[in-house]
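This report concerns only the one structure given below.
The values are calculated or read from the model by the stated rules, or taken from the named source; none is laboratory data. Predicted model, so just to flag it, every value in this text is computed and none were measured. Cβ sites come from the backbone with ideal geometry, for glycine too, and all protein chains shown count toward neighbours.
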Amino acid sequence: MSKRTGWISAGVIASLVAGGAVYAATSNSDSHGTVIRVVDGDTVDLEVAGEQTRVRLLNIDTPETVEPDKAVECMGPEATDYLTTLLHPGDKVDLEYDIEREDHYGRVLAGVFKDDLFVNGAIAAAGLGVAVKYEPNVKFYDDVLAAEQEAAATGEGLFDPAVECTIPAQLEGANTALSEVSSLPGDSIEDAESLMGEAAAAVGVGLAVKSTLNKAKSATHPVTHALMSGRYASDITRLATRIDDTKQLEAFHKEQRAELVEKEKKRKEAEEKKKAEAAAQRAAEQQAAAKAAQTTQQKNYSAPKSYSKPQTQTQPKQSAPKMNSYSNYTGPRCYAPGGKTWKPC
């Protein structure tokens, strides 16, 4: 027998084995039965005292699978399959009754024992049912509850967070999504938008889980409702609080995004104003430079002079060399430079 489908604590086994021996020793003909077939996770048809009898296992409730007006609950088919591994057609079982022998459906209420195995408790130990009281029948409640608590502690069946439909799996998924939303502000508009979207998505996951669980009513989802109102009541309350907290984070990131958008708008406006001022300054400087250049050009401008024929420069006439007046001189001569005139030496 596997841990998942057949485990039960040593303490529970010890008490059930001792009880089973007592039950088996009972001589009443309706204290024994033969398995005909398994109906669902907590109901079996037996042949008891020569008659076919539908027996509802006492103080254990498994998820619904066969009721026409009830939805198939999480782990319901698994509970039925598990019971079929415990009780096969033709198996001999012992029955133990409590104060009331039948429920309002006419089913016989009993604890079922196969050899040394307390079947009611084995189902709870596999995490495939929860302990319930059917007043005044509470004879097996404590034993079934102990087995359920063992299953919850080890995460079996209905308490396995790895099984998508279970309450712990749904709570874990929602809480993980909600806890991953950052409370720190984003560094940019894009960051703020991303954080706002993450918060909105996480809130959506949380609300979806909350809505799904709230739809589980005792009349339609008895096991789920029992777990919600009992073992997981505080967890569901914390989920609601976490959803509200994440809604506030969504509002925070939305407000921060709006502030960043306004800040960016003002920055662009200031930038455009600065560019416009710079362009105006450049235009003014260019205009001033052009005006200064025009003024300078006007100052340096002079009207062209009237044309006059250039005068031809005449060379001064050279006077003819004077003739020497020493025509009768026959002595030595001293010539002036050029050798054209002389005088007596």
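Before moving on, here are some points about what is shown:
- Meets criteria (in contact with an Asp or Glu (Cβ under 7 Å, 6 or more places away or on another chain) and surrounded by 16 or more Cβ atoms within 10 Å (Cβ to Cβ)) for LEU109: yes
- Matching residues, the stretch 211-234, being over 23 Å from LYS133 (Cα atoms) and surrounded by 17 or more Cβ atoms within 10 Å (Cβ to Cβ): none
- Scanning the stretch 214-269 for residues that are assigned to a helix (DSSP H, G or I) and either among the charged types (D, E, K, R) or free of Cβ contacts under 8 Å to residues at least 24 places away in the same chain (or both) yields a total of 29.
- Residue list for the stretch 24-75, filter: modelled with pLDDT of 95 or more, farther than 27 Å from GLN149 by Cα and among the hydroxyl-bearing types (Ser, Thr, Tyr): SER31, THR34, THR53
- Within the stretch 127-145, the set of residues being part of a loop (DSSP other than H, G, I, E, B) and touching a residue at least 12 places away in the same chain (Cβ under 8 Å) comprises GLY127, LEU128, GLY129, VAL132, LYS133, PRO136, VAL138, LYS139, PHE140.
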